[in-house]
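Here is the structure we will look at, set down as structure tokens.
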Amino acid sequence: MKKHLLSIDDLTIDDIDELFETAAQMHDVQGRSVKKLPALRGRTIINLFFEDSTRTRSSFEIAGKWLSADTINITGKGSSASKGESLRDTVLTICAMGVDALVMRHGASGAAKQVSEWTDAVVINAGDGTHEHPSQALLDAYTLTRHIGSLEGKHVVIVGDLTHSRVFRSNIKLLRKLQAQVTVVAPATLLPAGAKSWAESSGFAISNDLDAVLPTADAVMMLRVQKERMSGGFFPSAREYTVGYGLTKDRLALLRPDVPICHPGPMNRGLEIAADAADAAQSVVLEQVSAGVAIRMAILYHQLAGEGNDE
Ligand code: ASP
């Protein structure tokens, strides 16, 4: 495994298999009443988050704690970054305290890679702008394999705001590595520039007809409409978006009942996903959250156990 986890590109198929195997073991720990393993005793992990987060930040924190590391959270709003300190100064300051890993989220694409060049600590990308969110893609694929087995040849449909989604970018890379067949569905205005050539080179399909695609899906991933990253009007109205691209009650009927429905969260209920779909028996949204802890334990374990260990 490479030192840092910045992108799905950093992982080989063997790395992914190993992470999934470890995550399965970590999942068992999650079910115990005493959820502690000594693997990262004496290690210090800083969660450095310059963007809001519920799931990712808390699950990395829990993952670190269950592996007996000392974990500390620093957010942009409560740190000297809000006083104008540069990212480089913030990172160098934190690392001068003797940190083993930085789990970092930042609004700028490429921020985690940049930080990895400034520090000796292991850097784990927990979301950089619209670029990548590797741990999310790993937990998504891990959750899907638990439901539908090997993803090879399975048809995974990713729907929504592709332009602003790092989850989409990491998922395409991972799902194609795992040889899933992928179709992305979005209005033309939410299809990122270069999507067509990327689709050709990495072998995924693009559609704007959700009703036509859903009956052949083996898994569906709904993406959040990321209003905070939108500067203009990307669609005429919320109602029109839902009519064209929402997973509504009617569309739910187009899916086989065993097809898992994923959403990375937070969900805009009533916009990209109806409550009927979010709360359906085939929704795996909360399983994704619990798998998120197991996958992040596996990531921390593989990136840190043994790394720089003097004992
Ligand atoms: N939580 C995911 C992310 O941080 C997805 C989202 O925000 O829509 O990218």
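Here's the yes/no breakdown for (1) closer than 13 Å to ILE158 by Cα; (2) part of a loop (DSSP other than H, G, I, E, B):
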position: THR189; (1), (2): no, no
position: PRO192; (1), (2): no, yes
position: TRP198; (1), (2): no, no
position: SER201; (1), (2): no, no
position: ILE206; (1), (2): yes, no
position: ALA212; (1), (2): no, no
position: PRO215; (1), (2): no, no
position: MET221; (1), (2): yes, no
position: ARG224; (1), (2): yes, yes
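For the range 260-271, name all the residues that are more than 20 Å from ASP218 (Cβ to Cβ), more than 11 Å from the ligand (Cβ to nearest atom) and in a loop (DSSP other than H, G, I, E, B). I'd like the intermediate steps shown before the answer.
Initially, the range 260-271 is screened for residues more than 20 Å from ASP218 (Cβ to Cβ), giving 265-271.
Applying the additional criterion that residues be more than 11 Å from the ligand (Cβ to nearest atom) yields 269-271.
Once the filter is applied, which keeps residues that are more than 20 Å from ASP218 (Cβ to Cβ), more than 11 Å from the ligand (Cβ to nearest atom) and in a loop (DSSP other than H, G, I, E, B), the range 260-271 yields GLY270, LEU271.
Kindly indicate the residue of the range 165-187 that is part of a loop (DSSP other than H, G, I, E, B) and without any contact (Cβ under 8 Å) to a residue 40 or more places away in the chain and also surrounded by the fewest Cβ atoms within 10 Å (Cβ to Cβ) among those meeting that condition. Let's see the steps before the verdict.
The first filter runs over the range 165-187 and keeps only residues part of a loop (DSSP other than H, G, I, E, B), leaving 165, 178-180, 186-187.
Then drop every residue that is not without any contact (Cβ under 8 Å) to a residue 40 or more places away in the chain, which leaves 179-180.
On the way: GLN179: 13, ALA180: 23.
So, considering only residues that are part of a loop (DSSP other than H, G, I, E, B) and without any contact (Cβ under 8 Å) to a residue 40 or more places away in the chain, the one surrounded by the fewest Cβ atoms within 10 Å (Cβ to Cβ) is GLN179.
Scanning the range 6-59 for residues that are closer than 19 Å to SER290 by Cα, within 16 Å of the ligand (Cβ to nearest atom) and part of a helix (DSSP H, G or I) turns up ARG55, THR56, ARG57, SER58, SER59.
Just one of VAL225, VAL157, VAL220, VAL123 is in contact with a Cys (Cβ under 9 Å, 6 or more places away or on another chain) and either at pLDDT below 95 or open to solvent by less than 20 Å² (accessible area, probe 1.4 Å) (or both); which is it?
Numbers: VAL225 fails: in contact with a Cys (Cβ under 9 Å, 6 or more places away or on another chain); VAL157 fails: in contact with a Cys (Cβ under 9 Å, 6 or more places away or on another chain); VAL123 fails: in contact with a Cys (Cβ under 9 Å, 6 or more places away or on another chain).
Unique residue meeting the criteria: VAL220.
Consider the range 64-85 and keep the residues that are open to solvent by less than 50 Å² (accessible area, probe 1.4 Å), modelled with pLDDT under 95 and assigned to a loop (DSSP other than H, G, I, E, B). The one that is nearest to HIS131 (Cα to Cα) is GLY76. For the range 228-258, the candidate set comprises residues that are among the β-branched types (Val, Ile, Thr) and open to solvent by less than 50 Å² (accessible area, probe 1.4 Å); within that set, the residue that is farthest from the ligand (Cβ to nearest atom) is THR248.
So which residues in the range 1-57 are of a type in the set (Lys, Arg), in contact (Cβ under 8 Å) with a residue 24 or more places away in the chain, surrounded by fewer than 20 Cβ atoms within 10 Å (Cβ to Cβ) and under 29 Å from TRP118 (Cβ atoms), if there are any at all? Selection gives LYS3, ARG41, ARG55. Inclusion of LEU151 among residues that are more than 11 Å from the ligand (Cβ to nearest atom) and in a helix (DSSP H, G or I) is not warranted. Filtered by the rule that a residue be part of a helix (DSSP H, G or I) and farther than 12 Å from PHE49 by Cα, the range 91-120 gives LEU92, THR93, ILE94, CYS95, ALA96, LYS113, GLN114, VAL115, SER116.
Put simply, of LEU139, LEU162 the only residue that is within 13 Å of the ligand (Cβ to nearest atom), surrounded by 18 or more Cβ atoms within 10 Å (Cβ to Cβ) and either at pLDDT below 95 or within 13 Å of the chain's Cα centre (by Cα) (or both) is LEU139.
State yes or no: is ASP209 of a type outside the set (Gly, Ala, Ser) and free of Cβ contacts under 8 Å to residues at least 60 places away in the same chain? Working first, answer last.
On the way: of a type outside the set (Gly, Ala, Ser): yes; free of Cβ contacts under 8 Å to residues at least 60 places away in the same chain: yes.
Yes; evaluated as a whole, the condition is true for this residue.
Among the residues of the range 272-284, the ones that are crowded, with 18+ Cβ neighbours inside 10 Å and either charged (D, E, K, R) or in a loop (DSSP other than H, G, I, E, B) (or both) come to 4 in all.
The values are calculated or read from the model by the stated rules, or taken from the named source; none is laboratory data. Fair warning: this is a prediction, and the values are worked out from it, not measured in the lab. Note that we place each Cβ from the backbone using ideal geometry, even for glycine, and neighbour counts take in every protein chain shown. Ligands, DNA and RNA are excluded from the accessible area calculation, which covers all protein heavy atoms including side chains. Shrake-Rupley method; radii C 1.70, N 1.55, O 1.52, S 1.80 Å.
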